[in-house]
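Data block below; observations after.
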Amino acid sequence: MPELDKAYDPAAVEPSLYGDWEAAGLFHAEPDAPGVPFSIVIPPPNVTGSLHVGHALDNTIQDVLVRRERMRGRNAVWVPGTDHAGIATQNVVEKQLAAEGTDRHAIGREAFLERVWRWKAESGGTILTQLRTLGASADWEREAFTFDEARSRAVREVFVSLFEQGLIYRGNRLINWCVRCLTALSDIEVDHEDVVGALTHFVYPFADGEGGIEVATTRPETMLGDTAIAVHPEDERYAAAVGRHVRHPFQDRTIPVVADAFVDPSFGTGAVKITPAHDPNDHALGLRHGLDVVVMLDEHGITMPVVGERFAGLERTAAREAVVTALGELGLVTRVDRHEHAVGHCSRCRTVVEPRLSDQWFVRVRPLAERAAAAVREGRTVFVPESRTEPFLDWLDGLHDWCISRQIWWGHRIPAWYGPDGEIEVSRTDVVRDGWTQDEDVLDTWFSSALWPFSVFGWPDDTPELAAWFPTSVLVTGYDINTFWVSRMLMMSLWFRDDVPFRVVHNHGLVRDEHGKKMSKSFGNVIDPLDLIARYGADATRFALLRSAAPGTDVPLAEEWVEGAKRFMNKLWNTGRFALGWLESGPVAPLPPEGRLALEDRWVLSRLAAFAADAEAGYAAYDWPVVTRALYRFAWDELADWYLEAVKRRLAAGGESADDVRRVLAVVLDTFLRFAHPVLPFVSEALWRALTGAGGGRDSLMVADWPDVAATGRADAGAEQDLAIVQDLVREVHRFRSQNRIAPSARFEVAVVAEGRVRDVLIDEADLVAALAGLEGLALVDAVSGGSGTSTIAFTGGVAEVELTGLIDVAAELDRLGKERERVLADRARLEAKLADEGFASRAPAAVVAKERDRLAEVGRVLGELEARIGGLGGASG
RNA sequence: GGGCGCGUAGCUCAGUGGGAGAGCGCUGCCUUCACACGGCAGAGGUCAGAGGUUCGAUACCUCUCGCGCCCACCA
């Protein structure tokens, strides 16, 4: 029999089990292995990253899913990998260069890339090592990287193919530009944040004659690039102005007043200054009206010479101040209002994004998005929880073209070459011709991530992996990247594989602190999962995360909760220790015949059946709180608190009854551990090996069979009802003890008055009740004596009388009985009122009415006993 | 400006058209031969508020208040 430590020590158990599984090759899958294929691809974390609680949750869920399916006999694979994370990674290395007093332009593109690759080889991907400590059963032999050779091939194939189909194009458009990262950003890489700014009103004087037009703007500096004033066509205030010109106060030019329905007459002054080069709306309006485009900010957001000597060379905010001051000096500023509005920020570096006109590459997403939306509407991919579906479809419907070029170096370089005479060639292979140069830009990181569900399986080659494991079974991810990533995978998979990338998208929430606050370094509420694993173990960390991960909600987490989960691990451990103190370690024998079993045996098997159904339902619904609650309740409340306590005396007595207990206990534990394994791989494996004598390696719980839920345990309503009688009496005796300050070690006799089933059960189970309640003995009698040295305990279905030779505090007992009487009286009043209600009696279902009548009768009987008791002790009964 | 979710014990959350629950925290007792990372018991709630449906609402409907999130090119 293996000796188990007194307390569960995760550090002593977890790493060695993980090593054993991995050495036995249990994580690895082959596409031609038996079993229905099941596959998950990891949302590839950034190579720059370290494991945070969000990853821990996301990967715990994936591990739970893949472990369960593996046990269910499916050919399950979980493909791990990392993302090259273009801008994020480039920023890391650029910071290093800055610290060395140099920059990427100084060392050049080639040397810079070498440097990033070197960094990646040395310190990238530590997150995958960290995932192992969490217990992740990923197929490490299949590790992929979004920028490795195989994935690069897929990227180029897709790019060229989309280009050939006219779905990728190059255009001069107004895009989101980060003046710090010096690159274009897609719409969703821009975060809108409310900021308090100013709405500045100023006047453009008419070029001919008196007066002018007052405009309102949040960005006065852009007036240096204004090429029109726009008003609503039906705005009478300005009807006469349309067609006239205003004079630019700082530049030697005039500006037309145009009419456009885009203008909202009710906002500001109803007249809008138009800067086609620096505002998306203005740009669109400019195209409609054929306006001049004056680019006045450079890539750094600095004003260019075109604005005139006075304002050139200023950073955006400085230019704003200078312009407002200058307008003020001319007496043109009429008002400055406080104004709260949303401003776009770079999601990578928080810099305010600048709309910028430039040559970029775009994906024409409409045709792809339509297929994605159709697939979701047809249910070919479903969201769990379902509530994420609608917002996702809405978002797809409003999708603009996707800007995919980035002006950085770390990433898939765009496979376009420019000839000396302005020719463009997009090619699957490098174009090497005199005078030709490749596009300097690289692709948005999400372009390669979009191909991940099939690129990891070797696409564009026809591989056995693709045939077996694509489409993947489930994608597990936070809802926050449905737009970035889920949508793009759907589009690309449907376009290039004519199938969805995954059958299910399981969206979990974001991990927050115990009060629902976002974790942030500045707030000091960040929880480090590696720290949790080190101190409480991987199983406890997994359990705590899953316990909070209700479908559709964010996931609150506090360290104390992980500590609580650790205590549960310890409880399980000690349940195992207890069992192993009595069991032979070896193969689990079948259950004894039902007719021979004791009440508590039948009861625990019935509870086991209910537990299995609950756990299975939770697993099937991706409802992790349901799963964890089922595990916790069964193991602690039912198995440990009641069954183990109930069978101790039988085990000690030995014989056939003890043998029955051993067999029931072995089956219960074996079954429970199987259900627990996906969530708690380490504790369950350690205990299971100890219990069954399994040798590890290929003989591990990790690859044991998932139980047949329908055949698990034995549902037995009678046993449940009968044991409830025992439990009720035991609890009441405990309560009586506690309230009367009677030591748990004090033994006394109890005489019980009861009828019918309650009486029969208590006769049969007198020893069990006595053992659990710490009684000297229990006898069934016809009536209580009501003697002065006695007290009574009311329980559901009867009354117990206790002979207490002076151990009881009469005042305390009267107090207890008085409180109980009040409770019962209130109950009776409520029931009487209800039954007296004609509406209830006539309209409620007969069964409900009968139930309430029975309850009233029972309450009346209990009240009678109580009052007799109170009178017997000399207390007032009324 | 749209859309969604939530408001149940001090905290985090389950829950159901018919007797208010769990974990943690708190209080008391217990070093009982698996576990003090434990056992037993207890205190604590107008189920946000107001209407409505119903014999009966914490639950279903409407509104109000409060909180959170997502989306959005109104200067």
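The values are calculated or read from the model by the stated rules, or taken from the named source; none is laboratory data. Predicted model, so just to flag it, every value in this text is computed and none were measured. Positions of Cβ are backbone-derived with ideal geometry, glycine not excepted, and every protein chain shown enters the neighbour counts. Only protein heavy atoms, including side chains, enter the accessible area calculation; ligands, DNA and RNA are left aside. Shrake-Rupley method; radii C 1.70, N 1.55, O 1.52, S 1.80 Å.
Can you pull out the residues in the range A:703-725 that are under 27 Å from A:Ala773 (Cβ atoms) and open to solvent by 20 Å² or more (accessible area, probe 1.4 Å)?
First, pick out the residues of the range A:703-725 that are under 27 Å from A:Ala773 (Cβ atoms): A:713-714, A:716-725.
Matches in the range A:703-725: A:Gly713, A:Arg714, A:Asp716, A:Ala717, A:Gly718, A:Glu720, A:Gln721, A:Ala724, A:Ile725.
Each residue in the range A:470-483 was checked for being over 24 Å from A:Phe159 (Cα atoms), open to solvent by less than 50 Å² (accessible area, probe 1.4 Å) and either part of a helix (DSSP H, G or I) or of a type in the set (S, T, N, Q) (or both), and 2 of them qualify.
Listed by first and then second residue, the pairs with beta-carbon distance under 7 Å, at least 6 apart or on different chains, first residue in the range A:801-818 and basic (Lys, Arg), second at pLDDT 70 or above and open to solvent by 50 Å² or more (accessible area, probe 1.4 Å), are A:Arg816/A:Gln739.
Can you pull out the residues in the range A:552-568 that are assigned to a helix (DSSP H, G or I) and more than 6 Å from RNA strand B (Cβ to nearest atom)?
Keep residues of the range A:552-568 that are assigned to a helix (DSSP H, G or I), which gives A:559-568.
Once the filter is applied, which keeps residues that are assigned to a helix (DSSP H, G or I) and more than 6 Å from RNA strand B (Cβ to nearest atom), the range A:552-568 yields A:Glu559, A:Trp561, A:Val562, A:Glu563, A:Ala565, A:Phe568.
Elements of the type helices (runs of 4 or more DSSP H) sitting completely within the range A:569-669 and holding at least 1 residues that are under 27 Å from A:Ile61 (Cβ atoms) and free of Cβ contacts under 8 Å to residues at least 60 places away in the same chain: these cover A:599-620, A:624-632.
Each row is one residue, and each column tells you yes or no for (1) open to solvent by less than 40 Å² (accessible area, probe 1.4 Å); (2) over 30 Å from A:Glu189 (Cβ atoms); (3) among the acidic types (Asp, Glu).
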residue	(1), (2), (3)
A:Gly308	yes, yes, no
A:Gly313	no, no, no
A:Glu321	no, no, yes
A:Leu327	yes, yes, no
A:Val333	no, yes, no
A:His341	no, no, no
A:Arg348	no, no, no
A:Val353	yes, no, no
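The one condition from (1) in contact with a strand residue (DSSP E or B) (Cβ under 7 Å, 6 or more places away or on another chain); (2) away from RNA strand B (no atom under 12 Å from the Cβ); (3) farther than 13 Å from A:Leu873 by Cα that A:Leu804 does not meet is (3). The single condition among (1) within 14 Å of RNA strand B (Cβ to nearest atom); (2) surrounded by 21 or more Cβ atoms within 10 Å (Cβ to Cβ); (3) aliphatic (A, V, I, L, M); (4) within 26 Å of A:Ser186 (Cα to Cα) that A:Leu297 does not meet is (1). Screening the range A:762-878 for helices (runs of 4 or more DSSP H) wholly inside it with 3 or more residues that are among the acidic types (Asp, Glu) returns the ranges A:810-836, A:846-872.
A quick yes/no check of all residues on (1) open to solvent by 50 Å² or more (accessible area, probe 1.4 Å); (2) charged (D, E, K, R); (3) within 11 Å of RNA strand B (Cβ to nearest atom):
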residue	(1), (2), (3)
A:Glu210	yes, yes, no
A:Asp226	no, yes, yes
A:His232	no, no, yes
A:Pro249	no, no, no
A:Arg253	yes, yes, no
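Taking the listed residues A:Gly290, A:Gly270, the one that is modelled with pLDDT under 90, within 10 Å of RNA strand B (Cβ to nearest atom) and on the phi > 0 side of the Ramachandran plot is A:Gly270, with no other qualifying. Which of the residues belonging to the range A:645-671 are within 11 Å of RNA strand B (Cβ to nearest atom) and open to solvent by 10 Å² or more (accessible area, probe 1.4 Å)? Result: A:Glu645, A:Lys648, A:Arg649, A:Ala652. Annotation: of all residues in the range A:393-429 being within 16 Å of RNA strand B (Cβ to nearest atom) and part of a loop (DSSP other than H, G, I, E, B), the one that is least open to solvent (accessible area, probe 1.4 Å) is A:Leu399. Identify, by number, the condition in (1) closer than 30 Å to A:Trp417 by Cβ; (2) surrounded by 21 or more Cβ atoms within 10 Å (Cβ to Cβ); (3) within 12 Å of RNA strand B (Cβ to nearest atom) that A:Ile188 doesn't meet. That leaves (2) as the condition not met. Pick from the range A:7-16 the residues that are part of a helix (DSSP H, G or I) and buried (at least 21 other Cβ atoms within 10 Å of the Cβ): which of them is farthest from RNA strand B (Cβ to nearest atom)? Ranking the qualifying residues of the range A:7-16, first place goes to A:Glu14.
Annotation note: of A:Thr200, A:Thr222, A:Thr275, the sole residue that is within 21 Å of A:Glu321 (Cα to Cα), without any contact (Cβ under 8 Å) to a residue 60 or more places away in the chain and crowded, with 17+ Cβ neighbours inside 10 Å is A:Thr275.
Tell me, yes or no, whether the range A:31-53 has at least one residue that is away from RNA strand B (no atom under 16 Å from the Cβ), under 25 Å from A:Lys571 (Cα atoms) and not in a loop (DSSP other than H, G, I, E, B). Before the answer, list the steps.
Within the range A:31-53, the first condition is being away from RNA strand B (no atom under 16 Å from the Cβ), and the residues that meet it are A:31-52.
Next cut, under 25 Å from A:Lys571 (Cα atoms) only: none.
Within the range A:31-53, none of the residues are away from RNA strand B (no atom under 16 Å from the Cβ), under 25 Å from A:Lys571 (Cα atoms) and not in a loop (DSSP other than H, G, I, E, B).
Filter the range A:275-285 down to the residues that are out of contact with any His (no Cβ under 8 Å at 6 or more places or on another chain) and either more than 22 Å from A:Arg237 (Cα to Cα) or within 9 Å of RNA strand B (Cβ to nearest atom) (or both) and list them by number. Passing the criteria: A:Thr275, A:His278, A:Asp279, A:Pro280, A:Asn281, A:Asp282, A:His283, A:Ala284.
Being in a helix (DSSP H, G or I) and buried (at least 21 other Cβ atoms within 10 Å of the Cβ) is the filter here; which residues of the range A:726-757 pass it? So that I can check it myself, show each step before the final result.
As a first pass, look at the range A:726-757 and keep what is in a helix (DSSP H, G or I): A:726-739, A:756-757.
Passing the criteria: A:Val726, A:Leu729, A:Val730, A:Val733, A:Phe736.
Annotation: A:Glu390 fulfils all but one of (1) touching a residue at least 60 places away in the same chain (Cβ under 8 Å); (2) within 13 Å of RNA strand B (Cβ to nearest atom); (3) of a type outside the set (Gly, Ala, Ser); the unmet one is (1).
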